[in-house]
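Input: a single structure, listed below in structure tokens.
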């Protein structure tokens, strides 16, 4: 293998790693809202479901920081569940609208950026 090929592979690997990080951990809010579209979940359950369903593991602190931000932004709300001490979270109407806007945006990016990619 030539030195140019090694450098190229290394750069591509780093670029893909950055892309994966940006599209997963840095966009955690989309994955959380997606799970809450199905039903309310509690915090630790959300973290485990992200790992199981989407194949990456966010830090526990990151997950809760995003949950609190989503509450503040009105995209999710805390729910009381009978005698449970756990805090459950559910998506709001504004959260559902945000998911639709996010989907439209991602589709637009995909169409415009990957239009020449087979």
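Looking only at region 80-118, residues that are in a helix (DSSP H, G or I), touching a residue at least 24 places away in the same chain (Cβ under 8 Å) and more than 18 Å from residue 33 (Cβ to Cβ) come to 0 in all.
In region 57-71, is there at least one residue being part of a strand (DSSP E or B) and either closer than 16 Å to residue 32 by Cβ or out of contact with any helix residue (DSSP H, G or I) (no Cβ under 6 Å at 6 or more places or on another chain) (or both)?
No, the conditions are met nowhere in region 57-71.
Filtered by the rule that a residue be farther than 22 Å from residue 75 by Cα and not in a helix (DSSP H, G or I), region 9-56 gives 55, 56. Residue 42 fulfils the conditions (1) out of contact with any strand residue (DSSP E or B) (no Cβ under 8 Å at 6 or more places or on another chain); (2) over 18 Å from residue 94 (Cβ atoms) except for a single criterion, (1).
Only the coordinates and a few stated rules stand behind these numbers; no lab work does. A quick note: this is a predicted structure, and the numbers were derived from the prediction, not measured. Using ideal geometry, Cβ is built from the backbone for each residue, glycine included, and neighbour counts are taken over all protein chains shown.
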